[in-house]
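Read the figures in this text as sums done on the coordinates, not as results from a lab. Everything numeric here is computed off the predicted structure, so don't read it as measured data. Glycine gets a Cβ as well: all are built from the backbone with ideal geometry, and neighbour counts include every protein chain shown.
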Amino acid sequence: TCYIELQCCLQNFNTPNICDVKMGVRTFLESEVTVNKTRHDLFLKMIKEDRDAPTEEERKSEAITKHRYMEWRDTVSSSRSLGFRLEGLTVEGKCNRNFKSNRELTDAKKVFESFVTQRQIRDQYIWRLEKIEQLCSESPFFAHHELIGSSLLFIHDDSKASVWMIDFEKTRSS
Ligand code: I3P
């Protein structure tokens, strides 16, 4: 019998603080590169972040391909340079997704330091990250698959913390 077991990661937390960190230097599949359809919504997202990012031609058509958007997105964020990027943060119920152009390690460190202020919470995160690292290095599945666009989801409240790996939609055997 095949079945999927689902878990609500927020369960057991009182007023959870949440941080989504997207892993990897590339967040699109090779198969997405060949799709030539252009999209106006992605053009709008691009100029919202940087008015000067589109080329002359893209400005005329007011549309870009998803590959162009994803490549640009990986390059302006820390994905390409650091191998991860901050997707979003919820602290005391307030959500912040304004990290698109944060490329520097010092910026990421500042955000993590303000997200995790208690030593006990930090230690629980580190324990769990080391556990995930150990499980991944022993797992035959992880040895033979590439994960694209997956995230580490950090959640804590005043007394407890944990991390989960989430979003496996673009996982392929390698
Ligand atoms: C989105 C993000 C998503 C991607 C989405 C992008 O950009 O990269 O991961 O969905 O594509 O728009 P942003 O983070 O800047 O909002 P997939 O991972 O499913 O490709 P979409 O617009 O086609 O949903």
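Altogether, the Stokes-Einstein calculation at 10 °C and 1.306 mPa s, with the Kirkwood radius of the chain over Cα pairs as Rh, returns a diffusion coefficient of 88 µm²/s. The modelled label-to-label distance for the pair residue 95/residue 134, using points 7 Å beyond Cα in the direction of Cβ, is 3.5 nm.
By the helix-only formula, in which each DSSP H run with n ≥ 4 contributes -39500 (n - 2.57) and the sum is divided by residues, the chain has a 222 nm mean residue ellipticity of -11000 deg cm²/dmol. In terms of the mean number of neighbouring beta-carbon atoms within 10 Å, the peptides 105-115, 16-26 order highest first as 16-26, 105-115.
Report note on the peptides 76-86, 2-12: ranked by the mean count of other C-beta atoms within 10 Å, highest first, their order is 76-86, 2-12.
The simple spin-label model puts a point 7 Å past each Cα toward its Cβ; for residue 1 and residue 127 those points are separated by 3.4 nm.
Against the chain, whose longest principal axis comes from its Cα atoms, helix 119-138 is set at around 70 degrees. Ranked for footprinting exposure by Cβ neighbours inside 10 Å, fewest first, 67, 40 give 40, 67.
Counting beta carbons within 10 Å around each of 38, 15 and listing the fewest first gives the order 15, 38.
Between residue 40 and residue 105, the FRET efficiency estimated from the beta carbon spacing at R0 = 25 angstrom works out to 0.15. With equal scatterers on the alpha carbons only and no solvent term, can you work out the Debye log10 of I(q)/I(0) for the stretch 122-174 at 0.25, 0.26 1/Å? Treating every Cα as an identical point scatterer, log10 I(q)/I(0) equals -1.00, -1.03. The long axis of helix 105-115 is offset from the longest Cα principal axis of the chain by roughly 50 degrees. Rg and Dmax over the alpha-carbon atoms of the stretch 51-127 stand at 16.4, 54 Å.
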